[in-house]
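Questions regarding the structure given below will be posed in turn.
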Ligand code: SF4
């Protein structure tokens, strides 16, 4: 494990940031419908809304979600307005993701007073998926579940189970915290989804693969229903600073496919890989396009594709 001359603190991360994007608290900063293999075993349409709200209070080393957030708390009523805005423009879908670049259950992000309106707006979906830091899974989460007709799934960043890298990510979370949140969700009839980083800072390519696999194992062993593996990307200032010091290199797409195959081979739950930053593969060589198509198909079928499948 390479040493850093300075400890990673909130200020270290903040000092390396660039500017935010302009966002409007009356509209989500993005919304779309895409296919996803559901926990029912069907490939369904999922509406994903990227809600505009106040920045998450954590300062994780690799996070770039702050770019599309506000510095001030949004007013009560603005989040339901954003949801209506997106649903009025999207085709029908069976499930809905309300992703807010942070923690749904943070009252400074989504005003608690809006929960009943939000529950009404999502009442016709089968599943509502929100995201949260594990330490914010508490009373509000249970109350939201009680007032919500669809099944509630909570997506949380496990990131990595590497014992030295996880503390360095400045996430202020232990594996025990994560496990406690998963148990709380399950005991109360909800499901947990884990975000796992492929090759976070401080790891070599082979270590990145090894620890992503170990993270999938941990997640499934404690009851997580779905793992989403995300290739760690540069772009938030801190990751570029670490790259210039030799502490960070983005992972190879081949490693993502390797981890995807491993996760699916466990047959313990759904495993998705995030292809959003790998669209360029579709414009690359025949081998690149074939690799992208295999991972996309494995996402949509949850079946391991043959290595030679185009
Ligand atoms: S808790 Fe999530 S949203 Fe908040 S800084 Fe960390 S990774 Fe980003």
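The values are calculated or read from the model by the stated rules, or taken from the named source; none is laboratory data. Here the structure is a predicted model, which means the values were calculated and not measured. Virtual Cβ from ideal backbone geometry, glycine too; neighbours counted across all protein chains shown.
Looking at (1) on the phi > 0 side of the Ramachandran plot; (2) surrounded by fewer than 14 Cβ atoms within 10 Å (Cβ to Cβ), which is the one condition that is false for residue 306?
(1)
Something else about it: For the condition away from the ligand (no atom under 16 Å from the Cβ), under 20 Å from residue 10 (Cα atoms) and either over 21 Å from the mean Cα position of the chain (by Cα) or buried (at least 18 other Cβ atoms within 10 Å of the Cβ) (or both), what is the one hit in 115, 106, 72, 146?
72
Can you tell me how many residues within the range 75-103 are within 16 Å of the ligand (Cβ to nearest atom) and part of a helix (DSSP H, G or I)?
Selection size over the range 75-103: 0.
Filter the range 180-206 down to residues that are without any contact (Cβ under 8 Å) to a residue 40 or more places away in the chain and out of contact with any helix residue (DSSP H, G or I) (no Cβ under 6 Å at 6 or more places or on another chain) and give me whichever is nearest to residue 38 (Cα to Cα).
Taking the candidates together, the pick is 186.
Taking the residues in the range 118-143 that are touching a strand residue (DSSP E or B) at 6+ places or on another chain (Cβ under 8 Å) and part of a loop (DSSP other than H, G, I, E, B) as candidates, determine which candidate is nearest to the ligand (Cβ to nearest atom).
That would be 133.
Residue-wise test of (1) surrounded by fewer than 16 Cβ atoms within 10 Å (Cβ to Cβ); (2) at pLDDT 95 or above; (3) within 15 Å of the chain's Cα centre (by Cα).
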{"position": "22", "(1), (2), (3)": "yes, yes, no"}
{"position": "43", "(1), (2), (3)": "yes, yes, no"}
{"position": "62", "(1), (2), (3)": "no, yes, yes"}
{"position": "65", "(1), (2), (3)": "no, yes, yes"}
{"position": "87", "(1), (2), (3)": "no, yes, no"}
{"position": "92", "(1), (2), (3)": "yes, yes, no"}
{"position": "98", "(1), (2), (3)": "no, yes, yes"}
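In the list 33, 27, 13, which residue meets the criterion of being more than 29 Å from residue 248 (Cα to Cα) and outside any loop (DSSP other than H, G, I, E, B)?
Only one candidate qualifies: 33.
In the range 262-289, how many residues are surrounded by fewer than 17 Cβ atoms within 10 Å (Cβ to Cβ) and farther than 18 Å from residue 232 by Cβ?
11
Residue 18 fails exactly one of the following numbered conditions: (1) in contact (Cβ under 8 Å) with a residue 40 or more places away in the chain; (2) out of contact with any helix residue (DSSP H, G or I) (no Cβ under 6 Å at 6 or more places or on another chain); (3) surrounded by 14 or more Cβ atoms within 10 Å (Cβ to Cβ). What is the number of that condition?
Of (1) in contact (Cβ under 8 Å) with a residue 40 or more places away in the chain; (2) out of contact with any helix residue (DSSP H, G or I) (no Cβ under 6 Å at 6 or more places or on another chain); (3) surrounded by 14 or more Cβ atoms within 10 Å (Cβ to Cβ), only one is false for residue 18: (3).
Turning to a different aspect of this structure: Just checking, which of 168, 172 is within 16 Å of the ligand (Cβ to nearest atom), more than 19 Å from residue 224 (Cα to Cα), touching a residue at least 60 places away in the same chain (Cβ under 8 Å) and touching a helix residue (DSSP H, G or I) at 6+ places or on another chain (Cβ under 8 Å)?
Sole residue among the options that is within 16 Å of the ligand (Cβ to nearest atom), more than 19 Å from residue 224 (Cα to Cα), touching a residue at least 60 places away in the same chain (Cβ under 8 Å) and touching a helix residue (DSSP H, G or I) at 6+ places or on another chain (Cβ under 8 Å): 172.
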